[in-house]
1. Among (1) within 12 Å of the ligand (Cβ to nearest atom); (2) buried (at least 17 other Cβ atoms within 10 Å of the Cβ); (3) touching a residue at least 24 places away in the same chain (Cβ under 8 Å), where does Ala13 come up short?
2. Go through the stretch 124-215 and tell me which strands (runs of 3 or more DSSP E), entirely inside it, have 2 or more residues that are under 18 Å from the mean Cα position of the chain (by Cα).
3. Enumerate the pairs (first residue in the stretch 205-216 and more than 11 Å from Val167 (Cα to Cα); second residue anywhere and loosely packed, with under 13 Cβ neighbours inside 10 Å and not acidic (Asp, Glu)) with beta-carbon separation below 9 Å, excluding pairs fewer than 6 apart on the same chain, so at least 6 apart or on different chains.
4. Counting only residues that are in contact with a helix residue (DSSP H, G or I) (Cβ under 8 Å, 6 or more places away or on another chain) and within 16 Å of the ligand (Cβ to nearest atom), give me the strands (runs of 3 or more DSSP E) lying completely in the stretch 31-103 with at least 3 of them.
5. Looking at Ala79, Ala122 in this structure, which one is more than 22 Å from Ala13 (Cβ to Cβ), modelled with pLDDT under 90, of a type outside the set (Lys, Arg) and surrounded by fewer than 16 Cβ atoms within 10 Å (Cβ to Cβ)?
6. Kindly establish whether Glu148 is modelled with pLDDT of 90 or more, within 30 Å of Phe213 (Cα to Cα) and of a type in the set (Asp, Glu).
Amino acid sequence: MRILIVEDDIPLAKGLQQALTSSGYVVDHAASGEAALDACLETFYDLLVLDLGLPGMDGFDLLQRLDPRRRGAVLILSARDGLEQRVFGLDLGADDYLSKPFALEELEARVRALLRRNQAQAGARLRLGRVTVDTLGRRAWIGDEPLELTAREWGVLQYMLLRPGQVVSKEQLLQALGNWGKPLSDNAIEVYVSRVRAKLQDAGLSIRTLRGFGYIIEELNVVA
Ligand code: CA
């Protein structure tokens, strides 16, 4: 279970990081919204512990920029205790809300509850060749072996697995990936597709490039 703490109060962040790490989670820290956005583009976090008052991009801005399909649960931390703020955060898709100051035990209990809830929502499973993908849990396997993917590689694979045997254009992939972060170039799409392809070498499927059209993912025929 991977948690990202987004908090500009460094002593508080370090304290939380230490406590959650000793509870057995893998915990990263971002001190600004921008750093958090970058981290979320590279890594899938099961939970974001998100401070609202951040320099530059604040917690609400960050939440608006993250595609809910590509992030885990969000627990908002804030000194802002107004009902309006709370409702706004929840409307933006946050799962829970804790006002500062809070007891560490309460934060830990909320974290456990949110992560349990996430795990209970078993995602739809997509299968092609030897690849299995859990769309909600954002996990993938080749056979029984877990497949490690970055958030963008994940986006490419899931988008294509939902359309086996169909031509997927670069524009489609750009739209699928580009609207939840920084704009992407055509070249970047080629890079992500080739990384995914490299990771799927023994997966019983192929991603073919159709020049000028895009890509097509297909199951390889097994010769008996
Ligand atoms: Ca703050």
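The values are calculated or read from the model by the stated rules, or taken from the named source; none is laboratory data. Given the structure is predicted, the values throughout are model-derived calculations rather than measurements. Quick reminder, even Gly has a Cβ in these numbers, built from the backbone with ideal geometry, and neighbours come from all protein chains shown.
1. Only one criterion is unmet by Ala13, namely (3).
2. Hits in the stretch 124-215: 125-128, 131-134, 139-142, 145-147.
3. Short answer, once both residue conditions are applied: Leu205/Leu220; Ser206/Leu220.
4. Details: elements: 47-51, 73-78, 96-99.
Result: 47-51, 73-78.
5. Values: Ala79 fails: more than 22 Å from Ala13 (Cβ to Cβ).
After ruling out the rest, the residue left standing is Ala122.
6. Numbers: modelled with pLDDT of 90 or more: yes; within 30 Å of Phe213 (Cα to Cα): yes; of a type in the set (Asp, Glu): yes.
Taking the combined requirement at face value, the residue satisfies it.
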